1. Determine the relative contact order of the chain: mean sequence separation of Cα pairs under 8 Å and six or more apart, normalised by residue count, in whole percent.
2. Can you put Leu252, Leu18 in order of Cβ neighbours within 10 angstrom, beginning with the fewest?
3. Using helices alone, what [θ] at 222 nm do you get for the chain, with -39,500 (n - 2.57) per DSSP H run of 4 or more residues, divided over all residues and rounded to the nearest 500?
4. Say the cut-off is 27 Å between C-alpha atoms; which of Lys171/Lys217; Lys217/Lys244; Lys209/Lys244; Lys181/Lys220 go over it?
5. Based on Cα coordinates alone, diagonalise the gyration tensor for region 150-195, multiply each eigenvalue by 5, take square roots, and list the semi-axes in whole Å, largest first.
6. Based on Cβ point charges of +1 for Lys and Arg and -1 for Asp and Glu, what charge dipole magnitude is obtained for the chain about its Cα centre, in debye rounded to the nearest 20?
7. Which helices pass in the chain if a helix is a full DSSP H run, must span at least 30 angstrom along its long axis by Cα, and must have mean Kyte-Doolittle hydropathy not below -1.0?
8. With the chain treated as a Gaussian network of Cα nodes joined by springs under 10 Å, which of Lys209, Lys180, Lys56 yields the largest mean-square fluctuation?
Amino acid sequence: MEKIKKILSFLYQPFSFLIPAAFLIFIIFPISILVLPFNWSFRLKVTAPFWQFYGKLTIYIACLCKVHFEDYRPEEVQSLHNPPGLYVGNHQSFIDIPLMLCTCQIAPIMKKEILYIPVFGICAYSSGAMIVNRKRGESRRKVFKQAQERLFSYYKNLQYYPEGTRNKGNKPPRDLDKIKKPLMVFAYKNNVPVCPFSMYGTTEVLSPKGFIQHGRKVGKIMHAPIFPKDFENEDEFVKAVWDKVTLGYFDLKEKLS
């Protein structure tokens, strides 16, 4: 039985890549080009539903993932494509992106290398992603300022991975002293709610050689918002946020392993 599954998975490989690629090229790309001259608010509003469909197409159809999902946010927030707040989570794989898109379409801070991926890069930029060159301090400072403005603007949301890069190998989130905290500190000082989220299993979907491993279990927990006013100082606030991300990871691991 296991051998048959491997054969079927091998035969399905071309479709796993062609299905999301075709949707990206023939649907999202033209729309992204059309809205490029407009402001970010309009771009996000137009492209968000298409990105959500892309995420579901990738996770459920292309990768055939078995998804475990828990959402503890208020009901009125769950229905929004672009919910407010700073969304903070762990980062394991490229599959994190479509898995997150299944729930909400919040523009992330994106390393500049992603911008050079044909079609995907321009689509991500058009949809509001902020580009950072992590090797240049000037670029990091510029994006940090943009992130602050984003959280105070009309859409008031941002997606952020404080580990900075993928934590490969399905490892737990990095320790608190090894993550980047400035945006969470900013959120505390400016009374911006932070919505932690936890991912598990996405690193198992892509093999080291780049093949899709179909039917893998992946999990995501959208935790309830954490409010700065409930904490006496920024250190307690940041720790509470990251503890939620970490505990959610281990909770998913226990349920899906």
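Just so you know, all these numbers are worked out from the coordinates, no wet-lab data involved. In this text the structure is predicted, and so the values were computed from the model without any measurement. Here the Cβ is made from the backbone with ideal geometry for all residues, glycine too, and neighbour counts use every protein chain on show.
1. Values: 433 pairs, mean separation 62.6, N = 257.
Averaging sequence separation for qualifying contacts and normalising by length gives 24 percent for the chain.
2. Numbers: Leu252 22, Leu18 12.
By the 10 Å Cβ count, ascending: Leu18, Leu252.
3. Numbers: 10 runs with 114 residues, N = 257.
Here the helix-only value at 222 nm equals -13500 deg cm²/dmol.
4. Values: Lys171/Lys217 15 Å; Lys217/Lys244 21 Å; Lys209/Lys244 32 Å; Lys181/Lys220 22 Å.
Violating the 27 Å limit, Cα to Cα: Lys209/Lys244.
5. Values: eigenvalues 117, 30, 11 Å².
Largest first, region 150-195 gives 24, 12, 8 Å.
6. Details: 36 positive and 21 negative charges, 190 e Å.
For this selection, approximately 920 debye.
7. Details: long enough: 2-23 (31 Å, 0.68); 234-256 (33 Å, -0.37).
Both cut-offs are met by 2-23, 234-256.
8. Lys209
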